[in-house]
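Here is the structure we will look at, set down as structure tokens.
Derivation of every value follows stated rules applied to the coordinates shown; laboratory data play no part. In this text, all values refer to a predicted model and were calculated from it rather than measured experimentally. We place every Cβ from the backbone using ideal geometry, glycine too, and count neighbours over all the protein chains shown.
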Amino acid sequence: MRKAAALLLWLVCAAAGADVQEMVEVPAGPFTMGSDDGPADERPAHRVELARFRIDRLPVTNADFAAFLEAHGARGMRAGQPYRRYDDDDADARIHRVDGRWRADAGLERHPVNEATWAGARDYCAWKGKRLPTEAEWEKAARGTDGRRYPWGNEAPDARRARFGAGWTQTVAVDALPAGASPYGALDMAGNQWEWASSLYRPYPWRPDDGREDPQADGVRATRGGGHDSPAEELTTTQRGRNLSRAPRAGHHNIGFRCAM
């Protein structure tokens, strides 16, 4: 029955135009979100019940986002107001116009995208028939249900499992560190690049009905996972990026994203 249900879900998603080939499934059920012994914004640890969902196995790459920019451009319009999807004029951008086409910089095609704004991440996911994960979904996909400190378990981060403590924009390919996989098989959920979530950055407990999931609301959005230039203590599954520069209308050198559905 489970295989039949999974096949039906795949067919429904495919019919809707969503790319489900590189997604992992996270089962329905509760998990513990947050931590009572971490920074203040991770408290309190609390039980959250989630429906079944899927999340991208890998972060969106520069090549992926270049294809989106080629289809929709780096600027958008919403409710009569222009906005940026990508800060292509930033020195840290890794996607540029070459011979009239958007292309990832040579050698960086498989690295996680940076300089995508929160709106750009939202629009990309919609283009794929998906959406950004909520902060709770992201944490469960990284942490599972056993309360682990890192996606791979409770062992301290090392270079085999995560990219961290590196120089400015010194990322690696999104599939370079399979030993760092989460309980559900998602990669790069610790280090390499922070990731946008759909949720507004608000105090816990997380609730889906308190306005933090309003896509029209103004305010700083949550980021997860730690980046290539993060110290080891920022790679935990509960870390919310409280010290990170993450204005949602701008792109950033160390923030990327992945999609869910």
* Asked: Tell me, how many Å apart are the Cα centres for the stretch 125-157 and for the stretch 189-252?
  -> 12 Å
* To do: Starting at the first residue of the stretch 71-80, write each ³J(HN,Hα) from the Karplus equation 6.51 cos²θ - 1.76 cosθ + 1.60 with θ = phi - 60°, in whole Hz, x for Gly and Pro.
  => 7, 10, x, 8, 10, x, 9, 9, 6, x
* Which whole-percent values make up P(r) of the stretch 184-261 when all C-alpha to C-alpha distances are grouped in 10 Å steps starting at zero? -> 18, 51, 29, 2
* Amide hydrogen neighbours beyond the local backbone of residue 163, cut-off 5 Å, H modeled -> 192
* To do: List the extent of the Cα atoms of the chain along each of their three principal axes, largest first, rounded to whole Å.
  => 50, 43, 35
* Cα-centre dipole for the chain with unit charges at Cβ (Lys and Arg positive, Asp and Glu negative), debye to 20 -> 560 debye
* **Mean Cβ neighbour count within 10 Å, used as a protection proxy, ranking 47-58, 100-111, 117-128 highest first** => 117-128, 47-58, 100-111
* To do: Using a Gaussian network model of the chain whose springs link C-alpha atoms within less than 10 Å, name the residue from 132, 235, 177 with the highest mean-square fluctuation.
  => 177
* Report, largest value first, the span of the C-alpha coordinates of the stretch 62-121 along each principal axis, in whole Å. => 38, 22, 19
* Structure fact -> For residue 198, the residues 5 or more places away or on another chain with a placed amide H closer than 5 Å to its own amide H are 134, 135
* Rounded to the nearest 20 debye, dipole of the stretch 62-121 from Cβ charges on Lys, Arg, Asp, Glu -> 260 debye
